[in-house]
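Following: one structure in structure tokens, then a few remarks.
The values are calculated or read from the model by the stated rules, or taken from the named source; none is laboratory data. All of these numbers come straight from a predicted model, not from anything done at the bench. Backbone-built Cβ (ideal geometry, glycine too); neighbour counts: all protein chains shown. Heads up: the accessible areas ignore ligands, DNA and RNA and are worked out on the full protein's heavy atoms, side chains in. Shrake-Rupley method; radii C 1.70, N 1.55, O 1.52, S 1.80 Å.
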Amino acid sequence: MKILGIETSCDETAAAIVEDGRKILSNVVVSQIDIFAEYGGVIPEVAARSHLEAILPVIDKALKDASCTWDDIDAIAVTYAPGLLGSLLIGTLTARTLAILHEKPLYAVHHLKSHVYANWILGDQNSTCPEFPILALVVSGGHTQILYMPFHNQFEIIGTTRDDAVGECFDKVAKILGLPYPGGPAIAKAAEDETHPGDPNRYILPHPKIDGLNFSFSGLKTAVLRTVQKEVGVPISYPSYKLKELLSKEQVCDFAASFQKTVVDILCEKIRKAQIEYPDVKGIVVAGGVSANKALRKALPEAYYPELKLSGDNGAMVAAACFFEIESGVKPTDPYKLNIYPRISIED
Ligand SMILES: Nc1ncnc2c1ncn2[C@@H]1O[C@H](COP(=O)(O)OP(=O)(O)OP(=O)(O)O)[C@@H](O)[C@H]1O
Ligand SMILES: [Mg+2]
């Protein structure tokens, strides 16, 4: 079964064709990172306009790269939630129109399910499938959750962030340190700088006191801010955007490494705790943009990770998730009625 997956929930316009949920035939991603690096973050209206320009050429290229015509496509899958309203609209309206035009069944896929199912796609690392029951650690730009997955397409949220998402925290801390957007890769790079590899033990940052399997990252971001202010000898009223002028390269690398280590330790602690609370679990999968983080991959080596090119937003994971939804008995949606839901939970 060949599924065309379409993804436009944030700032990547993406389309891919995946066979039987695991084999990528094509995977086209047009990122808007260059546009938003200038602003230090995503501007929703600009993202929607960029999707509008890119979406049809991206889908055409996905078909061409896979040597497919519309006759070869068995279904269309599209991200309908959660994400930026305008961005979701461009993807879903395009998918609805194409489904009607080419008479293909249309499936609406939740973005976090897609991130999780990136782990089922075949690649250099992933030749086997994770075994159920599974714990899924979702660490992305907008979400931080631990999901219990007894079987395909069944998700229970057993831990979630009370405030910032972990990717968001990477992005905010990068700003304090004067590193570019997106902050995750920039912090990871500074922590492993060639001329000054960051010292992960130079700055001691607190672990949030939050019970159970939940997370909190806004306190950690503030702790970095206060520690930087103290380090460079300015009061807490000093504007955060000016701190970068006072930090040396060595300090930036050491802050990056210390922050990254603290985040990785927090994530690993919670996963270990979840393994104790759910002793029947046989596999761990890590999903979302932060799953690209090498320090995390090293600290939790027994987990499954998506191929690096599939850790951020892409259409292949949407097509993969759709395949396993169909296998679980999910029916197509009405292309005349499909709505978008910017904030809906994976459990709804
Ligand atoms: N190597 C890395 N280390 C840490 N964080 C990373 C790395 N690479 C990317 N990230 C972070 O991943 C996030 C982007 O991930 P993703 O594309 O999954 O998020 P999103 O789609 O914007 O949000 P969501 O999936 O929650 O809707 C950014 O916050 C980015 O800084
Ligand atoms: Mg995402």
Rounded to the nearest 5, what % of DSSP beta bridges with both residues in segment 134-299 are antiparallel? 60 percent
Taking a 22 Å limit on the Cα-Cα distance, which of the listed pairs Lys175/Lys242; Lys249/Lys270; Lys104/Lys331 fall beyond it? Lys249/Lys270
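How do Tyr203, Tyr304 stack up against each other in accessible area, from largest to smallest, with a 1.4 angstrom probe?
The residues order as Tyr304, Tyr203, largest area first.
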Can you give me the relative contact order of the chain as a percent, contacts being Cα pairs under 8 Å and 6 or more apart? 27 percent
Rg in Å to one decimal, and Dmax rounded to a whole Å, for the chain via C-alpha atoms: 20.4, 66
Provide the solvent-accessible area of Lys261, counting protein heavy atoms only and rolling a 1.4 Å probe, rounded to the nearest 10 Å². 80 Å²
Under Karplus coefficients 6.51, -1.76 and 1.60, residue-wise ³J(HN,Hα) of segment 29-42 in Hz, glycine/proline x: 10, 10, 9, 9, 3, 4, 5, 7, 4, 4, 8, x, x, 7
Put Leu135, Leu101 in order of accessible area, largest first, 1.4 Å probe: what do you get? Leu101, Leu135
Could you list, bin by bin from short to long, the percent of Cα-Cα pairs of segment 134-299 in 10 Å steps? 11, 40, 32, 14, 4, 0
If you place +1 on the Cβ of every Lys and Arg and -1 on the Cβ of every Asp and Glu, how big does the dipole about the Cα centre of segment 134-299 come out, in debye to the nearest 20? 120 debye
Report, in debye and to the nearest 20, how large the dipole of the chain comes out about its Cα centre when Lys and Arg carry +1 and Asp and Glu carry -1 on their Cβ. 760 debye
The chain: calculated mean residue ellipticity at 222 nm from DSSP helix runs of at least 4, using -39500 (n - 2.57): -12500 deg cm²/dmol
accessible surface per residue for segment 194-233, probe 1.4 Å, DNA/RNA/ligands not counted, whole Å² -> 57 Å²
